[in-house]
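What follows is a set of notes on a single structure, which appears directly below.
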Amino acid sequence: MSHATVVEGACRQSTSASSSCQPMPLAFLRCGDVAKVVRVRGKGEVHHHLENLGFVEGASVSVVSEQAGNFIVQVKGANVALDRSVASKIIVA
């Protein structure tokens, strides 16, 4: 996983991604967006690791920071850094 840098004031006000109810990869969200996890794609270690971090069906996830394709998201009260390829495996609505 790549690390992302938190930039103060980088978040803009945004509407919830869940209002559209269209499943999409987490990588499509922007700073300030909030959505629910629909599923985690893939198999093996990455899938299991993401579930252990709290990316399970129904979990609320919010984008704290997004910079150069790297994300810091909050899930189950913890901030988690994800690169774009891993964020693309998490489907939200």
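Rule-based calculations on the coordinates, nothing more; no lab input. All values reported here derive from a predicted model rather than from experimental measurement. Here the Cβ positions follow ideal geometry from the backbone for every residue, glycine too, while neighbour counts run over all protein chains shown.
Run the paramagnetic zone check for VAL46: 7 angstrom along Cα to Cβ, then residues of region 75-93 with backbone nitrogen under 13 Å.
82-91
Taking LYS89 as the anchor, which aspartates and glutamates have their alpha carbon closer than 15 Å to its alpha carbon, excluding any fewer than eight residues away along the same chain?
Reachable aspartates and glutamates: GLU45, GLU51, GLU57.
What ranking do GLU66, GLU51, GLU45, GLU57 get, fewest neighbouring Cβ atoms within 10 angstrom at the top?
GLU45, GLU57, GLU51, GLU66
Rounded to whole Hz and in sequence order, give me ³J(HN,Hα) for region 87-93 from the Karplus expression 6.51 cos²θ - 1.76 cosθ + 1.60, θ = phi - 60°, writing x for Gly and Pro.
4, 6, 7, 9, 9, 10, 8
Return, ordered by residue number, the residues of region 21-40 whose backbone nitrogen is under 14 Å from a label point located 7 Å along Cα→Cβ of LYS76.
Taking a point 7 Å out along Cα→Cβ of LYS76, the residues of region 21-40 whose backbone N falls under 14 Å are 37, 40.
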